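The structure's right below; bear with me while I get my questions together.
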Amino acid sequence: LQIIKAEYTASAVRRDQYPESELMEIAFLGRSNVGKSSLINSLCNYRGLARVSGEPGKTQTVNFYTVLLREKQGEESERFPLFFVDLPGYGFAKTGGANRNMWSTFIGEYVEQSPRLTLLCLLMDLRHPGLAIDQKAYEWMRSHGVPLQIIGTKADKLKTAERKRNLAKLDQLFPGTFPAVAYSSLKNDGRDILLNRFRSMI
Ligand code: GDP
């Protein structure tokens, strides 16, 4: 599978700003700085698509990207259009108080009101499985019945054995989700597994 097209479509802070479309949506959520922008860019093979921020916690909009997925072989192969939805990062110390409330409103509104949300990818740093704030995000999403894919990011920073161990830890800590995927945006590790998962959800 490959993504043959990816383009920025819209940013929203309220429901009435979501793009009007029947496309299914795959959303991405995680702590600020977990590597979410890098992962979206890596999946789409498009460096500048989502901003890789020097200023964590700054992006406070829900961003929609239209992507076109295709089986690798041949021009004739079937194409699958969908939205990638980039949700604001959580848990950065500087976005306390008002911003923290804003976060829950944003995510809450989106998750509760988007009928086409098909899969929510919850990103966690593979080096640190089970952070309290990630647990909270997981529990909240579980209570809303959203299909969840846990992704362990920055996998290239770990040796193979540790990678395996932490991946198993993620599966153990977060039951009821699809098997966790280790991802490296530097090396595009995990890309094929993830795209196949998305394809299977369509
Ligand atoms: P976001 O705030 O979640 O969107 O995170 P970014 O994508 O902006 O990444 C935060 C930092 O982690 C940046 O300095 C990235 O270069 C780095 N980073 C992201 N993904 C990876 C990865 O897979 N491997 C490594 N080594 N660094 C990464």
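Read-outs: derived from the displayed coordinates by stated rules, not from any lab. In this text, all values refer to a predicted model and were calculated from it rather than measured experimentally. FYI the Cβ positions are ideal-geometry reconstructions off the backbone, even for glycines, and counts take in every protein chain you see.
Answer yes or no as to whether P115 is within 21 Å of V62 (Cα to Cα) and outside any helix (DSSP H, G or I). Before the answer, list the steps.
Numbers: within 21 Å of V62 (Cα to Cα): yes; outside any helix (DSSP H, G or I): yes.
Judged against the criteria, P115 is a match.
Return the total of residues in segment 158-194 being within 16 Å of the ligand (Cβ to nearest atom) and not aromatic (F, W, Y).
To start, the set of residues in segment 158-194 that are within 16 Å of the ligand (Cβ to nearest atom) comprises 158-160, 162-163, 166-167, 170, 180-194.
Next, from what is left, pick out any that are not aromatic (F, W, Y): 158-160, 162-163, 166-167, 170, 180-182, 184-194.
Qualifying residue count, segment 158-194: 22.
Which members of segment 119-164 meet the condition of being at positive phi and either in contact with a strand residue (DSSP E or B) (Cβ under 8 Å, 6 or more places away or on another chain) or surrounded by 21 or more Cβ atoms within 10 Å (Cβ to Cβ) (or both)?
Of everything in segment 119-164, just one residue is at positive phi and either in contact with a strand residue (DSSP E or B) (Cβ under 8 Å, 6 or more places away or on another chain) or surrounded by 21 or more Cβ atoms within 10 Å (Cβ to Cβ) (or both), namely K154.
Quickly run through segment 142-192 and pick out the residues that are touching a helix residue (DSSP H, G or I) at 6+ places or on another chain (Cβ under 8 Å) and closer than 13 Å to R127 by Cβ.
Across segment 142-192, the qualifying residues are G152, T153, A155, L158, R163, A182, Y183, S184.
Residues in segment 34-53 that are among the hydrophobic types (A, V, I, L, M, F, W, C) and near the ligand (Cβ under 6 Å from one of its atoms): how many? Lay out the reasoning, then the answer.
Of segment 34-53, the ones among the hydrophobic types (A, V, I, L, M, F, W, C) are 34, 39-40, 43-44, 49-50, 52.
Subsequent filtering for residues that are near the ligand (Cβ under 6 Å from one of its atoms) retains 34, 52.
Residues that pass the stated criteria total 2.
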